[in-house]
1. Quote the convex hull volume per residue of the chain, based on C-alpha atoms, as a whole number of Å³.
2. Distance between Cα centroids, segment 49-93 to segment 102-123: provide it in whole Å.
3. How much of the DSSP beta bridge set in segment 2-123 is antiparallel, as a percent to the nearest 5?
4. Of the heavy-atom accessible surface of the chain (probe 1.4 angstrom), what whole percent is carbon and sulfur?
5. Can you work out the accessible area per residue across the chain, with the rest of the protein chains kept in place, probe 1.4 Å, in square angstrom?
6. Rg and Dmax of segment 1-71 over Cα atoms: what are they, in angstrom?
7. Over the chain, how many pairs of lysines fall under 27 Å by alpha carbon, counting only those 8 or more apart in sequence or from different chains?
8. I need the calculated FRET efficiency for the pair SER7 and ALA102, taking r as the beta carbon distance and R₀ as 30 Å, to the nearest 0.05.
Amino acid sequence: QVQLVESGGGLAQAGGSLRLSCAASGGTFSKYAMGWFRQAPGKEREFVAAISWSAGSTYYADSVKGRFTISRDNAKNTVYLQMNVLKAEDTAVYYCAAGRSAVLTSRVAYTYWGQGTQVTVSS
């Protein structure tokens with residue numbers, strides 16, 4: 001059983017930056033691919049970014065490509081999401097997730113989910 005705890009959310013101005021962290025415990029972190037998803041009010045949860053267990057592969061939604069960067073530190077059991085050039089439409093609750101499937105852009109690939117952290121971008 002893997003537990004995931006997100007942190008780093010908050011209020012930012014448009015054009016600004018935030019860095020989210022997700023700390024994992026209770027499992028072998030390095031065996032899991034990690035993903036970030038987000039859910040805005042009234043919308044479905046959507047894929048943002050993912051990274052393979054070895055960090056050899058990363059994937060991004062088109063809406064964040066070039067602005068967000070996912071990374072991981074297996075020694076610290078932590079995955080990060082660096083968010084730059086934030087936009088009002090990035091406002092959402094951000095969730096990290098862990099899974100061992102090959103299709104990392106789909107929600108169904110992930111078994112474990114964090115509780116989420118709110119990101120609000122003011123324009």
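1. Working: hull volume 11.1 nm³, N = 123.
Cα convex hull per residue, to the nearest whole number: 90 Å³.
2. If you average the Cα positions of each part, the centres end up 10 Å apart.
3. Working: 37 of 41 bridges.
That works out to approximately 90 percent antiparallel.
4. Working: 2940 of 6140 Å².
Here it works out to 48 percent.
5. Numbers: 6140 Å² over 123 residues.
On a per-residue basis, 50 Å².
6. Gyration radius and largest Cα-Cα distance of segment 1-71: 13.3, 38 Å.
7. Values: LYS31/LYS65; LYS31/LYS76; LYS43/LYS65; LYS43/LYS87; LYS65/LYS76; LYS65/LYS87.
The result is 6.
8. Values: r = 28 Å, r/R0 = 0.95.
According to the calculation, E is roughly 0.60.
The values are calculated or read from the model by the stated rules, or taken from the named source; none is laboratory data. Remember, predicted model here, so these are calculated numbers, not experimental data. Positions of Cβ are generated from backbone atoms using ideal geometry, with glycine treated the same way; all protein chains shown enter the neighbour counts. Side chains included, ligands, DNA and RNA excluded: accessible areas come from the protein's heavy atoms. Shrake-Rupley method; radii C 1.70, N 1.55, O 1.52, S 1.80 Å.
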